[in-house]
Amino acid sequence: MKRDVFQAIADPTRRAIILLIAFQAMTPNAIAEHFDTSRQAVSKHLQILTECQLVKQEQSGREIYYTLDGTKMKEIDKWLEQFKKIWESRFNELDKVLLKLKSTKK
């Protein structure tokens, strides 16, 4: 089954994992310590994040470390950009209305 980045970030646990490893590489056990769930459940989330290419695995001795792969995060940012433009436009229009109301009250 082919997954995409949006399926990966749809789950709150996976979003939390992304936030954790955005700051530093972590082992699955270190990641699992931050959640009230089994190590196997965290491993499943990591597998999905890896399949979606949001995280990378790096072997260091006997340990596997997970790091954030910023390339796919750009895909998410690009998609969100269209909404940022819409909201900025709406806020600019609201500013104009508020300024007009403020000037008419004086």
On the formula 1/(1 + (r/R0)^6), with r taken between the Cβ atoms of ALA10 and THR37 and R0 of 22 Å, the FRET efficiency rounded to 0.05 is 0.85
For region 82-87, Karplus-derived ³J(HN,Hα) couplings (6.51, -1.76, 1.60; θ = phi - 60°; whole Hz; x for glycine and proline) come out as 4, 6, 4, 5, 4, 5
Per the 1/(1 + (r/R0)^6) rule, R0 = 22 Å and r from the Cβ atoms of PHE23 and SER60, FRET efficiency to 0.05 is 0.80
So, with points 7 Å from each Cα along the Cβ direction, the ASP95-ILE76 label distance in nm works out to 2.8 nm
Note on the chain: contact order normalised by length, alpha-carbon pairs under 8 Å, 6 or more apart, percent, works out to 25 percent
In terms of the charge dipole of the chain, which places +1 on Lys and Arg and -1 on Asp and Glu at the beta carbon, the residue among VAL55, PHE6, GLN24 farthest towards the positive end is PHE6
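Which value in Å is the Kirkwood Rh of region 5-105 over different Cα pairs?
15.9 Å
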Fewest-first ordering of ARG90, ARG62 by Cβ atoms within 10 Å yields ARG62, ARG90
Counting sequence-distant residues (5 or more places) and residues on other chains, those with an amide H built under 5 Å from that of ILE64 are none
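Every read-out reported here was derived from the displayed coordinates using simple, explicitly stated rules and does not represent laboratory data. Since this is a predicted model, take the numbers as computed values, not measurements. As a convention, Cβ positions derive from the backbone with ideal geometry for all residues, glycine included, and neighbour counts pool all protein chains shown.
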